[in-house]
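Structure record follows, encoded as structure tokens.
No value in this document is a laboratory result; all are computed from the given coordinates. Since the structure is predicted, the reported quantities are computational estimates derived from the model, not experimental observations. Heads up, the Cβs are rebuilt from the backbone with ideal geometry, glycines too, and the neighbour counts pull from every protein chain shown.
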Amino acid sequence: MAKNKKWNKVIARIQALEDALAGLLSGRSASQRKKAKKAKAKTASRPKRKAVAKKSAPKPAKPRAKKSAAPARKPRKRNPRVAESALILPQPPVPAL
């Protein structure tokens, strides 16, 4: 039994080295190999599910009314009271008649 475990480890190590060598010869970068390995493991570990019934096609959206452009702003009227309350400048006195 002990010899069998030892050989299993040796065989596993040889296979790992072969895989590593094949990865180096494939021309992919380490990150690409890692991603591919993860994706492969992910798909293998997923349990098979029943096919889901297709959903009915969504109803076409109703066309929305386009917003009209905001009307141009009218120029502001000047308040006449503001003009009246303007500073009163000193003027020369009016001569008496």
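Each residue, L21 and K42, gets one label point 7 Å from its Cα in the Cβ direction; the gap between the two is 3.1 nm. Once the Cα-Cα distance is subtracted from the 0.36 nm per residue extended length, the A72 to K5 segment shows a gain of 15.4 nm.
Sorting the segments 65-77, 13-25 by their mean number of nearby beta carbons within 10 angstrom, highest to lowest, gives 13-25, 65-77. Spin-label pair A61-A30: with each label point 7 Å from Cα along the Cα-Cβ axis, the two points sit 4.7 nm from one another.
If the segment from A53 to I14 were pulled out straight at 0.36 nm per residue, it would be longer than the present Cα-Cα gap by 9.4 nm.
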